[in-house]
Amino acid sequence: MTKLLNSIETIPLLSGPTLLFVHQAGTPRLSINIYTKGGNCIDYFPGEMDVIDRLLLKGTYAETSEEIAVKLDDLCLDLDTDTARDYSIMSASMQAEDLEKNLAFIKDLLFYSTLEGLQKEKEKLKGELQMSLDSPTAVAKDLLSRKLWNGLPYGTSASTMLSSLGKLWRNDNVFLHYQQAYRPNRMVISVAGDVDRERLITALDAAFSLPRAKGTDGEMEMGRLFKEHRLKESRIFTTPWEEAAQAQILQSWLMPPATSKDYVPLAVLDNILGSAGLSSRLFLELRDKQGLAYSVRSSLSLLKHRGTFTLYIGTEPSNVQKCLEGFADEVKKLQDVLVGEEELENAKRNLIGKRSVFLETVGQTSSYVGSAYLAGHDLKSLASLDEKINAVTAEQIQKVAQKYLSKESVTVVVAPSEFLPKSPFFKHSKQDDTTTTETEAKAKTSTKKDDKTETAPVAV
Amino acid sequence: MMAPAAPTLEAFSLPYIPQKAVKHTFKNGHTLVFVQRSGAVFNISSWVKTGSMNEDEQNNGVSHFLEHLMFKGTPRFEAGVFDKKMESMGALINAATWKDYTFYHVTGPNTQFNEFDTVVDMHADMILHSDLPDSEIGEAYDPDKGETPELKRERGVVIEEIGLYEDRPWTRVYNLVNDIMYDESHPYRREVIGTRHIVGTISREAILSYYRRWYTPENITTLVVGDFEWDALKEKVEKAFNFADRPDAKDALKSYKEPAKVESFVGKVGQGERYIEQKSEFTTRFVTLGFHGPLASDLKATLALDIASTVLGESRASRFNQKLVETQTPSAFNTISTAQYALKLGNVFYIMANYNTANDEAALAEITAILDAFTGEEPITEEEFARTVKKMKVDFARGFETCSGIADALGDALTVTGSVEAVTGTLERLESLTRQDVIDAVNTYLKPSLAYTAVLVPQHD
């Protein structure tokens, strides 16, 4: 795997995009991910880029939506579009022999879409978003995202998109935004597979050479806004879901960007606490020992501007308080007690070994390389990541636990009304008096917010 | 007592794999399948020919509960040691239970730590010698009576899993339609996960008895996909899966019998209501139409219905998607798709849709009209047939990109159909199948009058 990652080439194409190429011999398929910088961060209205990326497959000057759908099947070209926080992506999987033919088709889709189906696509997206919110888990994640980012574009969610879809009514505005965003110099193309390097470069240059001016993405301004973003206080937000068999509980802290020097210690901490699988601390304590949940985990997501660290559990509604205390106990242990040698070693080996398993296909490789580059990672450092993981100490883990997990957090609970926490502030029954008093004092100053229970976004 | 069979060795070719694969049955009846594949990853899995199909009203859910408890230690390795050891190598470990089977798998890095011997040893130990301690099962309690012990242990975990699925609309509507598709004596009628009451109260003895009855050598197939040498691997697996070491292996062999006989359940389909509706807190409407299909071992008819499924609802160009979602303005449908589940006692074909209109009758009529045309005046066209065959060949190839993809396809084929032919002959069958074969299968199994329909509707309509 190290050899594979050492072979990543970063090639500036004459046509504008940056090519990230990993040659993987003996693989029958070729994976090409085309990233357009910006994503939700350049939305004029939440979800605008999501609508645009869907419209790319809904008609060009040469082909109708139905013709495109049939052609994708005819070409055996797996093609999908999506918009993430920092980029929009068109991912393609194809036979290497069809490279030129498929890139000509992709060029038409990327740069010559008519976007004529805007109203229809809005209606479809609205329906899909409503359907996606027909789930207590989705509603909890949606609420968390909004409360954590408080209006910043990383907080774009199904419900914020539903609220803003009505504002996307001018075809010409959306079309202008599309033309500004989808420019070759704003694109990064990640390719993994068995294809001749020169042939690939020639084919990509042919597909991405356009008479279109260069574009900018306002990254400087966005970076400042994210850097200054803080949570004012730790709060619990709730949404009632009367029929729910399980309470959905999420607790999340803001994290530094992906380029932070704390990235690797945080990844090891995440592994130990809740992402290793069946042997993580949360799993052992809250699932194996107490039988409180089927799903319990932590996840670390470090993006270009900032990141999040999130704990999740789905549990029988009467267990809400017990689970919140369980989260607090495990976080406190990480802050107070150094991780043992064996546990630390196991976590490192898990992280290193899993990378091989997750880079088995060309699709996984090109996605890994592309998203790492877009998050700001130096690609050369990917190959030496194993060494960095091995160098992490128990003291570093304790330090990042104290540094980041002592700060304010957002907790969300979706459950039947009678089981929702009554106070918006978490009270830990095992905490000492000083801490409890402080929590209560905060509560007193915010009495008006006590009953601030969110209306289910499904009703929007 | 059954006489030990002579060991058998069978080599077979797999598409996209240069070396022949091997299927070897040991003297005790345990089968090993090996696929040589270079690369950085290996997969080992053991497939047991039992699932909810072998349960009854008293132990419904035991297959799945047992699957959880198999991770709770053996006399050699206490609970948690297997998980910790595997995950410290970077391996992914998990298991799954279905109507027809239960399987356990480990996917890990080949070259990172060179500990494959340990993996085989511990995986086999888990399959053969799990001791299901009471301390891990947890004390019995009946959630239906509001009982809650201090520590719920694994009973609590599985009961939480039941809750997880109850909150998922697609699972709920699937369970609703499943309930009316079979008569009460059919083993597929029960839900794989079981009930809160049974999981909360079933005794260790009942679980152990089920374990000993079905986890016999003849009932288990172990698959290894990775970069290994056959002779050494065979020796390693034979030594590790030494069923003779199991305290009551002889009794297990005596009590061994074939899982439910296929023939005895053919035609035992639901004869009562064909429509069921349930109120829910969801705001959109979820519908699933189910149709009984051919036996999974009828490979030709199964493939023909797979082609029909792709044409009807598995791609952007599919009929349902184009007619109900893409071109209709305004459209009530948010999504609609189709799928076929290949099952030992008879496949099931599903149409799954989500829509917003309160007029369920109109929505269902739209689905039925398209299906009616497909089974009548507008059958699959030559163009659709050719395009779909080509697409399915590519999709089939994609399954060979990962070790776990290869192992899962073979494990499923061997357990459900009893042969690797369902995998090895797919490309040839795609070549020889005709458009008329698809039309025949569609007309046999997918007539609208054969549908069972379940709808989840918002309670505040």
Review point. Among (1) under 24 Å from the mean Cα position of the chain (by Cα); (2) at positive phi, where does B:Gly73 come up short?
Key: (1)
Review point. Of the residues in the stretch B:8-37, how many are surrounded by 14 or more Cβ atoms within 10 Å (Cβ to Cβ), assigned to a loop (DSSP other than H, G, I, E, B) and touching a residue at least 60 places away in the same chain (Cβ under 8 Å)?
Key: 8
Exercise for review: Take the residues in the stretch A:30-45 that are under 17 Å from A:Val195 (Cα atoms) and of a type in the set (S, T, N, Q), then tell me which one is surrounded by the fewest Cβ atoms within 10 Å (Cβ to Cβ).
Suggested key: A:Ser31
Check your understanding: Restricting attention to the stretch B:413-461, and to residues there that are open to solvent by 50 Å² or more (accessible area, probe 1.4 Å) and of a type in the set (Asp, Glu), which single residue is farthest from the chain's Cα centre (by Cα)?
Key -> B:Asp461
**Study point:** Residue tally, condition outside any helix (DSSP H, G or I) and within 9 Å of chain B (Cβ to nearest Cβ), over the stretch A:359-385
**Key:** 3
Exercise for review: Answer yes or no: is there a residue in the stretch B:132-149 that is within 14 Å of chain A (Cβ to nearest Cβ), closer than 30 Å to A:Asp134 by Cβ, free of Cβ contacts under 8 Å to residues at least 60 places away in the same chain and open to solvent by less than 50 Å² (accessible area, probe 1.4 Å).
Suggested key: yes
Point to revise | Matching residues in the stretch A:15-27 - criterion: being open to solvent by less than 20 Å² (accessible area, probe 1.4 Å) and within 15 Å of A:Tyr368 (Cβ to Cβ) | key: A:Leu20, A:Phe21, A:Val22
Exercise for review: Kindly list the number of the only condition in (1) away from chain A (no Cβ under 13 Å); (2) open to solvent by less than 10 Å² (accessible area, probe 1.4 Å); (3) touching a helix residue (DSSP H, G or I) at 6+ places or on another chain (Cβ under 9 Å) that fails for B:Met181.
Suggested key: (3)
Exercise for review: Name the single residue, out of those in the stretch B:96-131 being in a strand (DSSP E or B) and among the polar types (S, T, N, Q), that is farthest from the other protein chains (Cβ to nearest Cβ).
Suggested key: B:Thr102
Review point. Does at least one position in the stretch A:168-187 carry a residue that is within 12 Å of chain B (Cβ to nearest Cβ) and under 29 Å from A:Lys304 (Cα atoms)?
Key: no
Review point. Do you know which residues across the stretch A:386-397 are more than 14 Å from A:Ser260 (Cα to Cα) and outside any loop (DSSP other than H, G, I, E, B)?
Key: A:Asp386, A:Glu387, A:Ile389, A:Asn390, A:Ala394, A:Glu395, A:Ile397
Check your understanding: Can you name every residue in the stretch B:184-202 that is within 30 Å of B:Asp134 (Cα to Cα), open to solvent by 50 Å² or more (accessible area, probe 1.4 Å) and either in a loop (DSSP other than H, G, I, E, B) or within 11 Å of another protein chain (Cβ to nearest Cβ) (or both)?
Key -> B:Arg189, B:Glu191, B:Thr195, B:Arg196
Review point. When you go through A:Ile68, A:Ile11 one by one, which is the residue that is at pLDDT 95 or above and within 27 Å of the chain's Cα centre (by Cα)?
Key: A:Ile11
Review point. Of these, B:Ile336, B:Ile367, which one is open to solvent by less than 30 Å² (accessible area, probe 1.4 Å), part of a helix (DSSP H, G or I) and in contact (Cβ under 8 Å) with a residue 24 or more places away in the chain?
Key: B:Ile367
Review point. Inside the stretch B:157-167, can you point out the residues that are facing chain A (nearest Cβ under 7 Å) and either assigned to a loop (DSSP other than H, G, I, E, B) or in contact with a Pro (Cβ under 8 Å, 6 or more places away or on another chain) (or both)?
Key: B:Asp167
Exercise for review: Could you please let me know if B:Ser45 is open to solvent by less than 40 Å² (accessible area, probe 1.4 Å) and at the interface with chain A (Cβ under 10 Å from one of its Cβ atoms)?
Suggested key: no
Check your understanding: Before we move on, is A:Gln251 outside the structural domain of A:Arg85 (by TED's automatic domain parsing), open to solvent by 20 Å² or more (accessible area, probe 1.4 Å), touching a residue at least 24 places away in the same chain (Cβ under 8 Å) and not β-branched (Val, Ile, Thr)?
Key -> yes
Review point. How many residues, within the stretch A:75-120, are in a helix (DSSP H, G or I), open to solvent by 10 Å² or more (accessible area, probe 1.4 Å) and polar (S, T, N, Q)?
Key: 1
**Study point:** Condition met for A:Thr259 (more than 14 Å from chain B (Cβ to nearest Cβ) and open to solvent by 60 Å² or more (accessible area, probe 1.4 Å))
**Key:** yes
Exercise for review: Quick one: count up the residues across the stretch B:50-80 that are part of a helix (DSSP H, G or I), over 16 Å from A:Arg287 (Cα atoms) and within 14 Å of chain A (Cβ to nearest Cβ).
Suggested key: 1
Check your understanding: Does A:Val392 qualify as being over 26 Å from A:Arg85 (Cα atoms), more than 9 Å from chain B (Cβ to nearest Cβ), of a type outside the set (S, T, N, Q) and in contact (Cβ under 8 Å) with a residue 60 or more places away in the chain?
Key -> yes
Practice item. Answer yes or no as to whether B:Glu154 is modelled with pLDDT of 95 or more, open to solvent by 10 Å² or more (accessible area, probe 1.4 Å) and either part of a loop (DSSP other than H, G, I, E, B) or closer than 15 Å to B:Gly80 by Cα (or both). Key: no
Check your understanding: Is there any pair with a first residue in the stretch A:330-354 that is loosely packed, with under 15 Cβ neighbours inside 10 Å and a second that is among the small types (Gly, Ala, Ser) whose Cβ atoms are under 6 Å apart and which are 6 or more apart or on different chains, and what are they?
Key -> A:Leu338/A:Ala394
Check your understanding: Restricting attention to the stretch A:1-14, which residues are surrounded by 18 or more Cβ atoms within 10 Å (Cβ to Cβ) and not in a helix (DSSP H, G or I)?
Key -> A:Met1, A:Ile8, A:Leu13
Practice item. Please work out which one of (1) of a type in the set (Ser, Thr, Tyr); (2) away from chain A (no Cβ under 14 Å); (3) closer than 30 Å to A:Glu242 by Cα is the condition B:Thr302 fails and give its number. Key: (3)
Exercise for review: Residue by residue through the stretch B:102-123, note down the ones that are surrounded by 24 or more Cβ atoms within 10 Å (Cβ to Cβ) and over 16 Å from B:Val225 (Cα atoms).
Suggested key: B:Thr102
Check your understanding: Is at least one residue of the stretch A:305-321 more than 14 Å from chain B (Cβ to nearest Cβ) and without any contact (Cβ under 8 Å) to a residue 60 or more places away in the chain?
Key -> yes
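The values are calculated or read from the model by the stated rules, or taken from the named source; none is laboratory data. The structure presented is a predicted model; accordingly, all values stated were derived computationally and were not measured. When we count neighbours, we look across all protein chains shown, and the Cβ atoms used for this are built from the backbone with ideal geometry, even at glycine. Calculation scope for accessible area: heavy atoms of the full protein, side chains included, ligands and nucleic acids excluded. Shrake-Rupley method; radii C 1.70, N 1.55, O 1.52, S 1.80 Å.
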